[in-house]
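To start, the structure under review is shown below, and the notes come after it.
What follows is calculated from the coordinates using simple rules that are stated; it is not laboratory data. For clarity, every value in this text was computed on a predicted model and none was experimentally measured. Because the Cβ atoms are built from the backbone with ideal geometry, glycine has one as well, and the counts that use them run over all protein chains shown.
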Amino acid sequence: MALPVAPLLVLSLLFLWSSPALAGANDAEDCCLSVTQRLIPWKIVKAFRYLKDGCRMPAVVFTTLRDHQLCAPPDQPWVNRIIQRLQRQNAKQA
């Protein structure tokens, strides 16, 4: 007795879609491929975040007022100044 092909296909696709091996496939989207060495004006930055440990390149991601994502090297003094300024602004608003 032959099994219907459609239910088997659906189950196979569902299994592959929920597979843990594929679950991390989009993690690379959260990593920077390069960082800018150019100074980012602090006036255009509204937020920042540090990248996860899974990324090959350490970086700080700044979000601009226009919601652009800019990757910066975390060891640069100008990056630390922007982070400190954002932290002070957030402390005043809280």
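Taken one residue at a time, the phi angles of region 47-58 give Karplus couplings (6.51, -1.76, 1.60, θ = phi - 60°) of 7, 8, 8, 8, 6, 5, 5, x, 8, 6, 10, x Hz. Gly and Pro are set to x.
Between Gln76 and Thr64, what length in nm is gained on full extension when 0.36 nm per residue of separation is reduced by their alpha carbon distance? Mind dumping the intermediate values first?
Working: separation 12, 0.36 × 12 = 4.32 nm, distance 1.84 nm.
Between Gln76 and Thr64, full extension yields an extra 2.5 nm.
Each label point was placed 7 Å from the Cα along the Cα-to-Cβ direction; for Arg56 and Leu33 their separation is 1.1 nm.
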